[in-house]
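A.B. asks: First, the structure itself, so that you have it in front of you.
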């Protein structure tokens, strides 16, 4: 009487194993097909931004004297302040003012940069100065290639609530290939707790 019972049990085990094997095989097949489909997808059908895109570091001078750069998937110039689509900046007033060189001024090298940090201009949007250093300067070509760096340092007392004079020099490590240059000054943020503010100054090669 035990033989038929054992036979039914054996058949049940075999059937269960077959169902498991078929299910696992179907899952692996479908997963392989999905991966193959994604890998063969034309580049134009991929989601926007999946490949990444770097815009050139060009700048456009706005009527109010500020500069805007290229942004977005099409690398178009951002709207000037007051134009349709323009974002309201978190710090609308730059407490760092570069007096030399002026925007779109023709420059020679080494590049001497000077200006004033005056945090009385906008007390809610201070420009950070730390250990007598007001920022890091990066000079780039119109295609975004870095040409040189320098430090914008204070020339006098920096632990004050009044104006602070700053000065620095950018020395070229490679020669520019075009006539348009972009000087980007990034404020000091030693604690790394905030997004450092930046001031962009478009320049021209002498």
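The values are calculated or read from the model by the stated rules, or taken from the named source; none is laboratory data. Everything numeric in this text was worked out from a predicted model, so none of it was measured. We place every Cβ from the backbone using ideal geometry, glycine too, and count neighbours over all the protein chains shown.
A.B. asks: Tell me which residues, restricted to region 51-90, are at pLDDT below 70 and surrounded by 13 or more Cβ atoms within 10 Å (Cβ to Cβ).
C.D. replies: Listed by number, the residues that qualify are 57, 66, 81, 86.
A.B. asks: Here's a follow-up. All but one of (1) in a loop (DSSP other than H, G, I, E, B); (2) farther than 16 Å from residue 129 by Cα hold for residue 183, so report the exception by its number.
C.D. replies: (1)
A.B. asks: Follow-up. Based on this model, can you work out whether residue 177 counts as surrounded by 13 or more Cβ atoms within 10 Å (Cβ to Cβ) and either more than 23 Å from the chain's Cα centre (by Cα) or assigned by TED's automatic domain parsing to the domain that holds residue 130 (or both)?
C.D. replies: Considered against the rule, which asks whether it is surrounded by 13 or more Cβ atoms within 10 Å (Cβ to Cβ) and either more than 23 Å from the chain's Cα centre (by Cα) or assigned by TED's automatic domain parsing to the domain that holds residue 130 (or both), residue 177 comes out as no.
A.B. asks: With 129, 201, 170, 151 as the choices, which residue is surrounded by fewer than 18 Cβ atoms within 10 Å (Cβ to Cβ) and under 27 Å from residue 68 (Cβ atoms)?
C.D. replies: 151
A.B. asks: Looking only at region 159-180, how many residues end up being part of a loop (DSSP other than H, G, I, E, B), in contact with a strand residue (DSSP E or B) (Cβ under 7 Å, 6 or more places away or on another chain) and touching a residue at least 40 places away in the same chain (Cβ under 8 Å)?
C.D. replies: 1
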